[in-house]
Amino acid sequence: MGNLMSLRHLHINGSRLKEMPPQMCRLKNLQTLTEFMVSRDRGCGIRDLKDMQQLKGSLLISGLQNVVNFVDAMEANLKGKQELDHLVFQWSESFDRSLNDNMTKLDRNLEDLSTRGHSVTRFPSFKETMEACALEPSNSLDVSRNERVEMVVLDMLQPHKNIKGVTVKDYGGTKFPSWIASPLFSNIVFLKVTDCTKCIQLPALGQLPSLKDLVLEGMDGIRSIGAEFYGNCYSPVLPFPLLETLKLDRMINWEDWSSSGVEGKEDFRRLQNIEILNCPKLRKFSQNFSALREMRIKWCEELIALPSFSKSDNVLGQGIEFPSLLELSIWKCPKLKKLPSLFPSLKVLEINGCQELEDLPNLPSIHELELQNCNEGILQSISGLASLTYLRLNQIPHLTCLLEGFLKHLTALEELQIAHLSDIITLSNDIGLQNLLHLKHLEISECPFLKELPQCLYKLSSLKELRVWRCPSLVSFPETGLPSTLRGLEIKGCEALQFLPEWRMHSNKLSFPFEYLVIEDCSSLKSLPGGKLPSTLKHIEIQNCISLDSLPKDMIQNNTRLEFLKVSECHSVMTFPEGTFGLPAVTFGMVMNLKQLIINNCTKLQLIPEGLHNLIHLNSLEISECPLLETIAEFGLPTSMLQSIKISKCRSLKSLPNRMYSLTCLQELCVEGCSNLLSFPEGGLPTNLLSLSILDCEKLVPTFEWGLHGLTCLTNLTFGGCEALVSFPQDWLLPTTLSSLQLQRLPNLESLPKRLNDLTSLDSLELSECDRLRTFSEEEQPKMLQNFEILGFPLTTGFI
């Protein structure tokens with residue numbers, strides 16, 4: 001590496017390097033170096049950075065625990081690297097907390113400084129450091145990590161004063177050098193200090209005039225943050241004058257956070273975003289954040305209150321603590337009892353796991369509110385929030401019913417979610433649901449004992465989506481029907497539900513057409529409503545309804561807008577109603593628009609009615625795991641738009657649909673696990689096919705009649721699962737357009753198809769579980785090995 005004297009850019013992040021290449025010091029023209037790893041005994045030392053004066057951008061210096069000579073740190077000359085914007089100083093991730101019984105000689109030298117009248121609680125001067133180094137040669141130093149050593153090393157690594165970002169990680173000193181908080185560093189906008197567990201006091205970061213983003217993480221030694229954090233109280237400059245984001249995370253011993261204590265000074269006058277996370281001992285803080293817009297407080301188990309000021313404390317005399325706050329999220333603060341009385345601008349409030357909190361503040365501008373795992377008494381504060389548009393109630397213990405009139409005055413509400421209310425039994429008309437005339441989305445989920453829904457559902461004149469999920473005790477839907485504006489209905493996991501009401505829509509004209517219906521995991525549901533399905537439906541899914549024994553007759557025939565139909569795991573369904581796929585009774589101007597049909601795992605299904613050829617817009621057909629199904633589409637399939645057919649695990653199926661050769665748009669055909677399938681349909685396959693997969697169809701043996709040589713567009717072929725196959729027929733020819741060939745699970749196959757050399761486009765051959773296949777023919781071997789990549793095959797002697 002040292003010979004690359006003209007190298008300008010070296011990116012090694014993401015590499016597996018454990019140390020820098022030797023002679024890095026010779027790369028004096030480097031402009032980009034993403035990381036420099038300091039070695040101890042070999043590789044590169046920190047002094048090898050000395051002559052890299054052209055470095056620009058960001059530089060991570062890792063392994064700083066290996067620096068034991070202060071002179072080396074000083075000679076790295078970070079002050080002289082004026083083009084560097086961001087420096088990351090990283091020690092090792094672990095710090096030996098128990099110092100060696102035999103203190104290093106260097107440590108004793110530093111101790112000697114104090115015996116000569118110098119304080120060891122401050123950083124030694126450069127002269128003192130040089131004297132300490134001179135007392136003992138560096139080659140006799142003990143290299144155990146030592147907090148005093150690391151304090152001086154970081155002091156010697158002071159960068160130039162125009163640096164914009166600094167990160168310090170896993171530093172082992174008890175204090176930081178003075179330069180890190182010096183107002184002379186007027187361009188620092190980002191500072192991150194993480195996992196410096198030995199540090200017992202924060203530097204005066206409030207003096208950094210341009211600091212915008214500050215992150216403090218894993219500072220185990222910090223118990224209190226006070227005046228020292230803000231800087232000189234006599235300075236005319238306000239502390240943290242430009243700070244916009246502040247994150248305090250994993251401060252496990254931090255208990256108290258006080259203000260600067262200077263009367264008339266606001267400590268964080270531009271702070272807009274603050275996060276306080278994983279601070280389990282923090283009990284209180286007393287800051288006034290007048291510009292704050294977002295606050296997140298999570299996992300602060302001892303926190304009892306947020307800052308609250310009386311009118312006399314407030315300059316404006318309005319008694320407001322967070323005048324600009326827009327979003328507030330408080331999680332897992334179980335001892336929190338009180339919030340400030342007023343949040344005049346708050347629009348989003350999320351409270352999770354605050355069981356002691358019984359009241360909400362005054363929220364005149366609130367739009368979104370989420371309460372989870374909270375005291376049920378707090379619900380009484382909701383009824384007056386007239387500006388609320390989104391409400392989510394989740395895991396409210398011991399709540400058996402909502403209060404009378406609970407929703408009555410929430411007239412602006414557009415979305416309501418009621419989830420994981422494990423004790424609630426009923427949602428009655430008395431809660432005021434019918435007053436929510438702007439409600440568009442309603443979700444009721446994970447309420448195991450809920451037995452009934454409000455009869456007034458149909459009065460929700462703006463409702464577009466209704467979801468009822470995993471309410472296993474729900475027996476029925478309201479007989480009064482559904483609102484005329486409904487666009488989508490999802491019913492999942494309602495195991496006791498036996499019947500649905502008639503499709504009664506309370507209007508002659510639908511404001512928003514009913515477009516999709518999903519019914520899933522309703523094991524007791526026996527039938528769908530007998531009346532006609534809404535003719536506006538585009539999407540129907542019916543899954544895992546094991547008691548459902550019939551489907552609506554007009555599900556497709558008279559639904560000219562239906563595009564997607566999936567029937568899956570309905571084990572009682574034996575057939576589709578006669579005429580399901582027949583032409584509508586009035587054919588003039590009416591065309592069935594179904595584009596995708598999926599029938600899956602219907603174990604008793606014996607017959608699919610004729611008429612699939614009438615689905616002229618069908619582009620995808622999938623039928624799988626129907627073991628009793630013997631035939632599919634005796635009269636053929638629609639020829640105009642069908643692109644994909646997948647048929648799998650239909651073990652009774654004896655033939656594929658007739659006239660498949662006429663499917664001029666078909667591109668993909670996949671047939672798997674059809675053990676009784678004997679042959680391809682008469683006339684063969686369509687010539688436009690791009691991909692063909694035949695797997696585990698034991699009786700479907702390759703023959704010339706497959707006509708593969710005539711599939712002039714075929715590029716991908718997969719064949720396998722035919723245990724009896726020993727060799728391919730001589731006349732089983734493959735199309736020259738083939739680019740990928742996969743042969744799988746052919747345990748008795750002894751040779752490959754003939755004339756593979758003619759497949760000039762083939763670039764991928766995958767062989768799997770073909771245990772007896774050992775050799776290519778001599779005339780094929782050289783050319784094939786030049787053109788093919790062989791994957792997934794245990795090559796044996798003689799194969800190559």
Out of all the residues in the stretch 229-250, which are in contact with a strand residue (DSSP E or B) (Cβ under 7 Å, 6 or more places away or on another chain), surrounded by 21 or more Cβ atoms within 10 Å (Cβ to Cβ) and either in a loop (DSSP other than H, G, I, E, B) or of a type in the set (Gly, Ala, Ser) (or both)? 243
Looking for something out of contact with any Asp or Glu (no Cβ under 9 Å at 6 or more places or on another chain) and of a type in the set (Ser, Thr, Tyr) - is there at least one such residue anywhere in the stretch 652-663? yes
Looking only at residues in the stretch 145-168 that are in contact with a strand residue (DSSP E or B) (Cβ under 7 Å, 6 or more places away or on another chain) and more than 20 Å from residue 212 (Cβ to Cβ), which one is surrounded by the fewest Cβ atoms within 10 Å (Cβ to Cβ)? 157
Give the residues of the stretch 190-202 that are outside any loop (DSSP other than H, G, I, E, B) and either without any contact (Cβ under 8 Å) to a residue 60 or more places away in the chain or on the phi > 0 side of the Ramachandran plot (or both), sorted by residue number. 191, 192, 193, 194
Taking residue 269, is it basic (Lys, Arg), surrounded by 16 or more Cβ atoms within 10 Å (Cβ to Cβ) and on the phi > 0 side of the Ramachandran plot? no
Tell me, yes or no, whether the stretch 203-226 has at least one residue that is under 36 Å from the mean Cα position of the chain (by Cα), closer than 26 Å to residue 75 by Cβ, of a type outside the set (A, V, I, L, M, F, W, C) and not in a loop (DSSP other than H, G, I, E, B). no
Residues 364, 334, 344: which one is surrounded by fewer than 18 Cβ atoms within 10 Å (Cβ to Cβ) and closer than 24 Å to residue 446 by Cβ? 334
In the stretch 175-205, residues that are hydroxyl-bearing (Ser, Thr, Tyr) and over 16 Å from residue 251 (Cβ atoms) total 3
Within the stretch 360-382, how many residues are in a loop (DSSP other than H, G, I, E, B) and closer than 20 Å to residue 327 by Cβ? 10
Looking only at the stretch 448-494, count how many residues are surrounded by fewer than 17 Cβ atoms within 10 Å (Cβ to Cβ) and of a type in the set (A, V, I, L, M). 1
Answer yes or no as to whether residue 672 is modelled with pLDDT under 90, of a type outside the set (A, V, I, L, M) and assigned by TED's automatic domain parsing to the domain that holds residue 580. no
Name the one entry in 198, 164 that is modelled with pLDDT of 95 or more and of a type in the set (Lys, Arg). 164
Within the stretch 687-710, identify whether any single residue is in contact with a strand residue (DSSP E or B) (Cβ under 8 Å, 6 or more places away or on another chain) and within 24 Å of residue 611 (Cβ to Cβ), and answer yes or no. no
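The rows are residues; the columns are (1) of a type in the set (Asp, Glu); (2) surrounded by fewer than 18 Cβ atoms within 10 Å (Cβ to Cβ); (3) closer than 25 Å to residue 749 by Cα.
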residue: 665; (1), (2), (3): no, yes, no
residue: 670; (1), (2), (3): no, yes, yes
residue: 676; (1), (2), (3): no, yes, yes
residue: 679; (1), (2), (3): no, yes, yes
residue: 686; (1), (2), (3): no, no, no
residue: 695; (1), (2), (3): no, no, yes
residue: 698; (1), (2), (3): yes, yes, yes
residue: 709; (1), (2), (3): no, yes, yes
residue: 720; (1), (2), (3): no, no, yes
Filter pass, residue 607 being crowded, with 21+ Cβ neighbours inside 10 Å and assigned by TED's automatic domain parsing to the domain that holds residue 564: no
Among the residues of the stretch 236-246, are any within 30 Å of residue 68 (Cα to Cα), at pLDDT 95 or above and among the acidic types (Asp, Glu)? no
Selection status of residue 546, of a type in the set (Val, Ile, Thr), at pLDDT 85 or above and either surrounded by fewer than 19 Cβ atoms within 10 Å (Cβ to Cβ) or more than 21 Å from residue 482 (Cα to Cα) (or both): yes
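One line per residue, one yes/no per condition, for (1) in contact (Cβ under 8 Å) with a residue 12 or more places away in the chain; (2) part of a strand (DSSP E or B); (3) more than 21 Å from residue 304 (Cα to Cα):
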site	(1), (2), (3)
345	yes, no, yes
384	yes, no, yes
391	yes, yes, yes
396	yes, no, no
Selection count where residues are closer than 10 Å to residue 196 by Cβ and not acidic (Asp, Glu), scope the stretch 155-174: 6
Would you pick out the residues in the stretch 525-569 that are polar (S, T, N, Q), within 22 Å of residue 610 (Cα to Cα) and not in a loop (DSSP other than H, G, I, E, B)? 568
Given the conditions (1) at pLDDT 90 or above; (2) of a type outside the set (D, E, K, R); (3) out of contact with any Asp or Glu (no Cβ under 7 Å at 6 or more places or on another chain), which single one is not true for residue 762? (1)
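The values are calculated or read from the model by the stated rules, or taken from the named source; none is laboratory data. Here the structure is a predicted model, which means the values were calculated and not measured. Cβ: placed from backbone, ideal geometry, glycine included. Neighbour counts: every protein chain shown.
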